[in-house]
1. Can you name the condition, by its number, that Gly341 falls short on among (1) out of contact with any helix residue (DSSP H, G or I) (no Cβ under 8 Å at 6 or more places or on another chain); (2) at pLDDT below 95?
2. Given the conditions (1) in contact with a strand residue (DSSP E or B) (Cβ under 9 Å, 6 or more places away or on another chain); (2) closer than 30 Å to Val74 by Cα; (3) outside the structural domain of Lys189 (by TED's automatic domain parsing), which single one is not true for Phe276?
3. Only residues that are of a type in the set (A, V, I, L, M) and closer than 15 Å to Arg206 by Cβ: list them for the range 25-44, please.
4. Testing Tyr148 on (1) among the aromatic types (Phe, Trp, Tyr); (2) in contact with a strand residue (DSSP E or B) (Cβ under 8 Å, 6 or more places away or on another chain); (3) closer than 30 Å to Asp14 by Cβ, one condition comes back false. Which one is that?
5. Taking the condition closer than 17 Å to Ala126 by Cβ and either in contact (Cβ under 8 Å) with a residue 40 or more places away in the chain or part of a strand (DSSP E or B) (or both), does Asn151 pass?
6. Looking only at the range 333-349, decide whether some residue is within 20 Å of Ala242 (Cα to Cα), in contact with a Lys or Arg (Cβ under 9 Å, 6 or more places away or on another chain) and surrounded by fewer than 20 Cβ atoms within 10 Å (Cβ to Cβ).
7. Within the range 276-291, is even one residue assigned to a loop (DSSP other than H, G, I, E, B) and surrounded by 17 or more Cβ atoms within 10 Å (Cβ to Cβ)?
8. Of the residues that make up the range 54-73, is at least one touching a Cys at 6+ places or on another chain (Cβ under 8 Å) and of a type in the set (Gly, Ala, Ser)?
Amino acid sequence: MDFSFTEEQSMLRDTVASYLADNYGFDQRRAALGREPHWRPDVWSAFADELGILGAAFPEALGGLGGGYTENMVVMEELGKALVVEPYLGTVVIGGGFLKHGAPAGADELIGQIIAGKAIFAFAYAEPQGRYNIRDLKTTARKDGAGYVLNGHKAVVVGAPYATHLVVTARTGGGQRDAGGISVFIVPKSAKGVTTRDYPTVDGFRASEVYFENVALGAEARIGGEGEALPLVEKVMDEAIAATCAEACGVLRRLQEGTVEYTKQRKQFGVPISSFQVLQHRMVDMFIQLEQSISMTYMATIRLSDSDAERAKAASAAKVQIGKACKFVGQNAIQLHGGMGMTDEMAIGHYFKRATMIEGLFGSTDHHLARYEALSLGAAA
């Protein structure tokens, strides 16, 4: 597949890579995760002011750089290479996606705050009983005059500890698993009735259990029509899947390259283990998985502008490949490093943990295989 980047996109990639190489080394990351606030606000400010990458995917009319899906892909791949925990995915891709496509009241102002690094978003969609079914919602938004009253519990809301705003899915009608009756709201995390329980995830990121107790929302908090938000949620989640696949490509590249480098240094029987043919074959298989993942990610990104069905199929197909590659490349990287590969002092184990988490993010490999089948065969599935 021929996918050529423009000069501006190549410059964006080089700019992000250069900054992270100078300011986001593995030891710097470990140190930041080990102390409050468990991320680096100075890096986030640099993303906004020094690099301007928070506006890369937004229109120039809103203060952005006029990019789109490809710019998000370029940035996310570089963030994956450095294991960046700062909430670009939740804020720019997901929060920005809802604001651009849903166009709620005050969207332009909020996008300006995102670009300036002032507004940080987290996506509160998953619930304890729901697994990967985004329709399975017990959280409700009951009509109250012109506004709503929000009640419920959202699980594993990644990035919520740093967030200023939450994008929340809730039922305004229908049954627990119905396609209709789903609405989306922008909720300030500081709103009365919002409480969180924060914790680290295995890959060094931070997440929260978020509880809503009689949270009063104005009508302007709703994104799109009441009870009609499922197509919008699916669209933004497919964009998030494509961006996550790009991040995974960066992670997989570091796993593959790090393994090749280690086998050149590690000696057994007086020779580097990279000279053993069986290990060479294993590393070639890792490289093939990486290249296939890159191609599928590019295809998914291109297809984000297609019809709903084609977009969803491409996103699920890419996620299946990414899931398989994360498992194969990650496990082989650890095996070829031996037990030391899982020590906290070695970067390879941290890349493996992130790859493992990505496999289940927004749906596992099995989930997306089933989704692709259903989209391809329809009722026959």
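1. Here Gly341 meets the rest and fails (1).
2. (2)
3. Passing the criteria: Ala32, Leu33, Val43.
4. (3)
5. Details: closer than 17 Å to Ala126 by Cβ: yes; either in contact (Cβ under 8 Å) with a residue 40 or more places away in the chain or part of a strand (DSSP E or B) (or both): yes.
When the stated conditions are applied, Asn151 passes them.
6. First, the residues of the range 333-349 that are within 20 Å of Ala242 (Cα to Cα): none.
No, the range 333-349 contains no residue that is within 20 Å of Ala242 (Cα to Cα), in contact with a Lys or Arg (Cβ under 9 Å, 6 or more places away or on another chain) and surrounded by fewer than 20 Cβ atoms within 10 Å (Cβ to Cβ).
7. First, the residues of the range 276-291 that are assigned to a loop (DSSP other than H, G, I, E, B): 276.
Then keep just the ones that are surrounded by 17 or more Cβ atoms within 10 Å (Cβ to Cβ); that gives none.
Checked against the condition, which is being assigned to a loop (DSSP other than H, G, I, E, B) and surrounded by 17 or more Cβ atoms within 10 Å (Cβ to Cβ), the range 276-291 yields no hits at all.
8. From the range 54-73, those touching a Cys at 6+ places or on another chain (Cβ under 8 Å) are none; that's our starting set.
No, every residue in the range 54-73 fails to be touching a Cys at 6+ places or on another chain (Cβ under 8 Å) and of a type in the set (Gly, Ala, Ser).
The values are calculated or read from the model by the stated rules, or taken from the named source; none is laboratory data. Treat the numbers as computed from the prediction; the structure is a model and nothing was measured. Heads up, the Cβs are rebuilt from the backbone with ideal geometry, glycines too, and the neighbour counts pull from every protein chain shown.
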